[in-house]
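Working notes for the structure below.
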Amino acid sequence: MVDTRQLGRQPGSMRTVSRIVTIPEAFTTAMASVPEGQEIELDLRLEAVMEGVLVTGTVTGRLTAECSRCLEPLSEELEAGFQELYRYADDEDGTASAGDEDADDEDEDYYLEGDLLDLEPVVRDAVVLALPLSPLCEPDCPGLCSECGVKLAEAGPDHGHGDGVDPRWEALRSIADDPGRK
C-alpha cells in the first residue's frame, strides 16, 4: 500500500516513491518465476489528475527459470514497467457510485482505498507479463541430444549416434556404395 496524502488531490502535483518490498506469493508462469519471499524494487511516480492518481512505475527483481532447451537453471534480472490510473472513490464508503457513466468498466478500474493505493495486482500483472515464455541460458543454446539427452554444448561437434539408418534398409546400402555392380 502506498499513501497518497502528501500528494493531495490538487491536479498537477507529483511525487516519486522508491521502495523495496518482499512479495508474499510467487509470480510465476510455466517456465519462469519470481519466487515467494523475493525482494523487488519499485520506482514509482505518483501524479494527481482530475479523476484520481496516475501511477507510473518500474519493477526490478530477479527471476529464476530453466532454459527451455537444455534445462539448465538460470537466474537473471527482470524489469517491468506499468502505468495505471487509480480513481477517487465517489462516496463515503469508498466505492464508485452506480450512476457513473463508466459503471460498466468498474471491474477494470482501480480505486483508492481512502488515501491508499493497493499496487499488488498491478505489479503482479506487470511482472508476470514480463516473464519470458521460453527462457534461454544463451541465445544460441543448442539444447539436448534427442537420442541420449546429453547437453549438445558439452558433447562437442563429433557427438553422434551413427547415421541412423533403419537396419531393414542395410541390404540396399551395398547398391548405393557400388552402383555399377548388379
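The values are calculated or read from the model by the stated rules, or taken from the named source; none is laboratory data. Since the structure is predicted, the reported quantities are computational estimates derived from the model, not experimental observations. Note: ideal-geometry Cβ built from the backbone for every residue, glycine included; neighbour counts use all protein chains shown. For the accessible areas, the whole protein counts, side chains as well, though only heavy atoms, and no ligand, DNA or RNA atoms are used. Shrake-Rupley method; radii C 1.70, N 1.55, O 1.52, S 1.80 Å.
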Completion exercise
Exactly one of Glu84, Glu76 is surrounded by 17 or more Cβ atoms within 10 Å (Cβ to Cβ), of a type outside the set (A, V, I, L, M) and free of Cβ contacts under 8 Å to residues at least 60 places away in the same chain, and that residue is Glu84
Practice task
Restricting attention to the stretch 48-80, report how many residues are of a type outside the set (S, T, N, Q), farther than 22 Å from Ser13 by Cβ and part of a strand (DSSP E or B).
Solution key: 13
Handout entry: Only listed residue being touching a Phe, Trp or Tyr at 6+ places or on another chain (Cβ under 8 Å) and of a type in the set (S, T, N, Q), chosen from Thr56, Thr22
Key = Thr56
Problem - Hits in the stretch 139-164 (condition: open to solvent by 50 Å² or more (accessible area, probe 1.4 Å), touching a residue at least 12 places away in the same chain (Cβ under 8 Å) and assigned to a loop (DSSP other than H, G, I, E, B)) - result: Pro142, Glu147, Cys148, His159, His161
Completion exercise
Restricted to the stretch 22-41 and to residues being more than 17 Å from Gly57 (Cβ to Cβ) and of a type in the set (A, V, I, L, M, F, W, C), the residue nearest to the chain's Cα centre (by Cα) is Ala32
Problem - Residue, farthest from Met1 (Cα to Cα), within the stretch 124-151, restricted to residues that are among the hydrophobic types (A, V, I, L, M, F, W, C) and in contact with a Lys or Arg (Cβ under 9 Å, 6 or more places away or on another chain) - result: Cys145
